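Remarks on the structure that follows.
The values are calculated or read from the model by the stated rules, or taken from the named source; none is laboratory data. The structure presented is a predicted model; accordingly, all values stated were derived computationally and were not measured. Heads up, the Cβs are rebuilt from the backbone with ideal geometry, glycines too, and the neighbour counts pull from every protein chain shown.
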Amino acid sequence: MPRSFVTISIDGKTVPAAEGTTVLEAALENDIYIPHLCHHPDLEPAAVCRLCMVEIDNRDAQLACRTTVAQGMVVSTCHPEIDRNRRIALELLVADHQGDCLTCASNNNCQLQDAAAYLGVDTSHLGRLRKTNDACPIDDSNPFFRHDPNKCVLCGVCIRTCDELQGVGAIDFIGRGYDTKVGTFDHQPLADSRCESCGECVARCPVGALSPKQVGKPIREVETICPYCGVGCSIALGARGQDIVSSKGVDHGPANHGRLCVKGRFGQGFVNHPKRLTSPLIRKEGRLVESTWQEALDLVAEKFARHKGEEFATIASAKCTNEENYLLQKFTRVVMATHTIDHCARL
């Protein structure tokens, strides 16, 4: 069904906006930056960070992430009073934030950095705002990513991702006041909680509070299909030279819409593993020796020809696509002349 559009004005620029979208979404779609931390297009608006305040139709400040566009709306993202309120809110966040940006996995890819650069945080205020430096312990229990609460801005994006998108609910806000942080039930390590290690929270964290353990900036990205199962998730593999250093979901992927499981996001290291088999092995005189693909296929065909009918059985795999499994059962029934076929997904 075609979408209806309205026309609004943002900082004197006339832009189209789809009906039902928010002012923040309309601005970002038209390359107009409004500071934000708690917004993510996959999640419902939460209005937690209070940085996306704008002036609409010369009225009081409103939150752009909660305000729906309307025909003829006039939006101003720059106003002295609004910038002052934004700066105060941001300084309160930065005051409690661990500022080792150069060693942070999210350096140059951090929404807090973007907002601070845009608003011009006054560092002279931070000394009187900073609380006592009682560093929270880093949760390093998960094998794929770490949780550093000292870098958390309590935007809740990770919590909403785990709840709204994954339906797991492994994390939530715990504690009160200055002691509030993101954690698991009964303060368990992530590895002992109901966390499934899918990494969706890591992919959406606007700062460095959730970061992968193996960090590498790719030189190029290649879109492909995840090799682990028959779902067919679209992934973008980041490569540096001949090594894969990152994996992320592709938003326009029809099977996964940008989301991945733990294997698709963190399990691509086998490609460059030194023990990975890159050629077939044939047992000769009790030892497995390398061979060519043609030799291996000829051997398989020869052995298949000896065992037809009830001497032959097939076990299909969920790692194959539906089409491949269809061909496998067709091969078993027609060529090998048996109905003895099973599939691991039956269990």
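For the reader, a short list of remarks on this structure follows.
- Subset of the range 197-218 (residues that are among the charged types (D, E, K, R) and at pLDDT below 95): Lys213, Lys217
- Just one residue in the set Thr278, Thr314, Thr332 is loosely packed, with under 13 Cβ neighbours inside 10 Å and hydroxyl-bearing (Ser, Thr, Tyr); that residue is Thr278.
- Matching residues in the range 158-184 - criterion: being touching a residue at least 12 places away in the same chain (Cβ under 8 Å), in a helix (DSSP H, G or I) and either in the same structural domain as His40 (by TED's automatic domain parsing) or surrounded by fewer than 16 Cβ atoms within 10 Å (Cβ to Cβ) (or both): Glu164, Tyr178
- Residue match in the range 246-262 (condition: surrounded by 14 or more Cβ atoms within 10 Å (Cβ to Cβ), within 24 Å of the chain's Cα centre (by Cα), assigned to a helix (DSSP H, G or I) and not assigned by TED's automatic domain parsing to the domain that holds Ser197): yes
- The single residue among Arg283, Arg276 that is in contact with a helix residue (DSSP H, G or I) (Cβ under 7 Å, 6 or more places away or on another chain) and either of a type in the set (Ser, Thr, Tyr) or without any contact (Cβ under 8 Å) to a residue 24 or more places away in the chain (or both) turns out to be Arg276.
- Among the residues making up the range 218-235, those that are in a strand (DSSP E or B) and crowded, with 19+ Cβ neighbours inside 10 Å are Ser234, Ile235.
- Of the helices (runs of 4 or more DSSP H) lying entirely inside the range 75-145, the ones with 3 or more residues being modelled with pLDDT of 90 or more are found at 80-95, 111-119.
- Residue in the range 85-98 that is in the same structural domain as Ser193 (by TED's automatic domain parsing), of a type outside the set (A, V, I, L, M) and either surrounded by fewer than 16 Cβ atoms within 10 Å (Cβ to Cβ) or in contact with a Phe, Trp or Tyr (Cβ under 7 Å, 6 or more places away or on another chain) (or both) present: no
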